[in-house]
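Visitor: Shown below is the structure under consideration.
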Amino acid sequence: MKNNLSKNPANISQTKINWNDVQSRMKISFGNDVYESWLKKLNFVEEFKNYILLSVSTRFIRDWITSRYLDQILKIISEFNKNITRIELKIHEINDDNTEELNNSSNKKENISFIKDSFLQYNRIDQNKTFDNFVIGQSNKLAFEASKKVTQSLAHYNPLYVYGGVGMGKTHLLNAIGLDLKKNNKIMFISAERFMYQFVKSIKSNEMVKFKDYFRNTDVLIIDDIQFMNGKESMQEEFFHTFNALIEKGSQVIVSADRAPNKLSRIQERIKSRFSGGLVIDIQKPDFDLRFKIVQNKIQELTLLNLNGIKISEEVKNFISSEIKTSIREIVGAINRIVSFSRIYNKEPSLSEVKVILKDLLNLSENNVTIDLIQSLVCKFFKISKNEMLSSRRSRYLVRPRQTAIYLTKILTSKSLPEIGREFSNRDHTTIIHSVKTIEKLKKNDLELSANIDTLKNKILYNKNNEI
Ligand code: ADP
Ligand code: MG
């Protein structure tokens, strides 16, 4: 069986089932929390005659999904193709850092296919993302204050341009502005992608006039993720004119992006310079204090919804705040998972349980994995001595363990090939490459080897001190 585990979402469209549609359905039928915490992690691999192959990144997530959601997921999938009677879930490890990008691009697709077409349903304001539950820290204070200011005096800063990386709270802030201003103004809150989609759709259905009127009549135009509005000259033209018309008549424009205006690619210079003409503010990565506050607030929020009460230890709160650093979205996702674990098992999750639950979110490069640790654990696992592993003997019972250790060093540490070579008795870097490639190849078909590698990886990452 050939599994195409490519992360390229383009694969999806070649199959009969459109995975984006399935995801949208799952989101509706399981709710956002369950979807964001668990089901979003399901990747489509391949569709066969009567079953579908999906993958997730850890055993824990697989078991969790299998025991709780699989029946209902199958039901949903079989609505799209009734020949499908079974789901197979395999585990694939994500060990590079494209995860964020992957999520991004699949979101992109999902958003487009999710739009159900009523022309006037642009606004998707989320009642739960308010100023009140936006936690403030050093990194987002200015963005928060500017957003507040906009709601107090319209067109004071015009446009307001907020930028920052994925999961930093941009959409949350824009949403809060929308919620607040909605009370007294005509507002339009739209992602740049949807703007493009509607634009193209309006051209096709000869509704350009309606499109223009609709946008130009609004008091507040909020456009999220403007970096996606690239290319398409005619659309940028329209956007530019709409933008100018709005500013001229004193309407407020708010824009978010993942980068500064001058860094936007494939967006006309004059649009960029209009963006730079207002107030430009960035949201930076959260520091420990902010992360900790978010952890606490989120737990409290979820606790209020739950009668049994949920206990999460200080140790666990500290762990999450110190280990999940890059995005607030991931922190929120981590808390959702831990709280649902605690709810279902009715217990306070221990730190080692938390490590398993969050394994895919924890950054491998931040772990202090040493070559020595890898070698020791691999030797112990295969019952060979370290001298044997480092020797030049080529008996089969030594070669595989050696290659496995080299492979694990490559994927779990940031050591270069020559550095790894040195640590394995001065082997040449071409030998190192060969070992890595060999294991990568074998891993695809050799189930035992692949399982051994998973086990070893776990031992290396999470049982550091207990084993040797
Ligand atoms: P972005 O648009 O920058 O990618 P989002 O606004 O979607 O990020 O934020 C990701 C998640 O984190 C959302 O659930 C959001 O509510 C939450 N979040 C982000 N920043 C904060 C904050 N300062 N306080 C509380 N929740 C936050
Ligand atoms: Mg966003």
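Visitor: Within the stretch 366-461, what is the number of lysine pairs with alpha carbons under 22 Å apart, leaving out pairs fewer than eight places apart on the same chain?
Guide: Close lysine pairs found across the stretch 366-461: 29.
Visitor: If you average 1/r across every pair of different Cα atoms in the chain and take the reciprocal, what Kirkwood value do you get, in Å?
Guide: For the chain, inverting the mean 1/r across all distinct Cα pairs yields 25.0 Å.
Visitor: When you take every Cα atom in the stretch 210-368, what is the radius of gyration, and what is Dmax, the widest Cα pair distance, in Å?
Guide: In order Rg, Dmax, the Cα atoms of the stretch 210-368 give 21.8, 58 Å.
Visitor: When only alpha-carbon atoms are used, what values of Rg and Dmax, in angstrom, describe the stretch 162-212?
Guide: According to the Cα coordinates of the stretch 162-212, Rg and Dmax are 14.1, 38 Å.
Visitor: Can you give the calculated 222 nm mean residue ellipticity of the chain, where each DSSP H run of n ≥ 4 adds -39,500 (n - 2.57) and the sum is split over every residue, rounded to the nearest 500 deg cm²/dmol?
Guide: Counting only the DSSP helices, I get -17000 deg cm²/dmol.
Visitor: Next up: Place a +1 charge on the Cβ of each Lys and Arg in the stretch 120-278 and a -1 charge on the Cβ of each Asp and Glu, then give the dipole magnitude about the Cα centre in debye, rounded to the nearest 20.
Guide: The calculation lands at about 40 debye.
Visitor: Please give every one of the aspartates and glutamates within straight-line cross-link reach of K129, meaning a C-alpha to C-alpha distance under 20 Å, and leave out same-chain neighbours fewer than 8 residues apart.
Guide: D33, E36, E145, D180, D224, D225, D258, D282, E301, E330
Visitor: Moving on. Show me 271-278, 205-212, 20-27 ranked by packing, highest mean number of other Cβ atoms within 10 Å first.
Guide: 20-27, 271-278, 205-212
Visitor: What percent of all Cα-Cα pairs in the stretch 288-357 falls in each 10 Å bin, counting up from 0?
Guide: 21, 60, 19, 0
Visitor: Report Rg (one decimal) and Dmax (nearest whole number) for the stretch 213-278, counting Cα atoms only, units Å.
Guide: When restricted to Cα atoms, the stretch 213-278 yields Rg and Dmax of 11.2, 30 Å.
Visitor: How would the stretch 9-91 be classified by its alpha-carbon gyration tensor: rounded, prolate or oblate, with rounded meaning a/c under 1.5 and the a/b versus b/c comparison settling the rest?
Guide: Judged from the Cα gyration tensor, the stretch 9-91 comes out rounded (a/c under 1.5).
Visitor: A further question follows. Keeping all protein chains in place, calculate the accessible area per residue for the chain (probe 1.4 angstrom), answer in Å².
Guide: 49
Visitor: Taking the stretch 366-461 as the region of interest, what is the percent of Cα-Cα pairs per 5 angstrom bin, listed from the shortest bin to the one with the maximum distance?
Guide: Spelled out per bin, shortest first, that is 2, 14, 27, 28, 21, 7, 0, 0.
Visitor: Please report the carbon-and-sulfur percent of the accessible area for the chain; probe 1.4 Å, protein heavy atoms only, DNA, RNA and ligands left out.
Guide: In the chain, the share of accessible area belonging to carbon and sulfur is 48 percent.
Visitor: For the stretch 175-244, count the residues as N, evaluate 2.2 N^0.38 Å, and divide the Cα radius of gyration by that value, please.
Guide: 1.11
Visitor: While we're on this one: With a 10 Å radius around each residue's Cβ, average the other Cβ atoms per peptide and rank 194-204, 62-72, highest first.
Guide: The packing order, highest mean first, is 194-204, 62-72.
Visitor: Then there's this: Which of the lysines could a cross-linker bridge to K204, judged by Cα under 17 Å and excluding same-chain residues fewer than eight apart?
Guide: K116, K212, K232
Visitor: If you count the DSSP beta bridges with both ends in the chain, what percent of them are antiparallel, to the nearest 5?
Guide: Given both bridge residues lie in the chain, the antiparallel proportion sits at roughly 15 percent.
Visitor: Follow-up question, since we're still on this one. Normalised by the number of residues in the chain, what is the relative contact order in percent for Cα pairs under 8 Å and 6+ residues apart?
Guide: Relative contact order here is 12 percent.
The values are calculated or read from the model by the stated rules, or taken from the named source; none is laboratory data. Because the structure is a prediction, the values reported are computed rather than measured. Note that we place each Cβ from the backbone using ideal geometry, even for glycine, and neighbour counts take in every protein chain shown. To get the accessible areas, we keep the full protein, side chains included, count just its heavy atoms, and leave off ligands, DNA and RNA. Shrake-Rupley method; radii C 1.70, N 1.55, O 1.52, S 1.80 Å.
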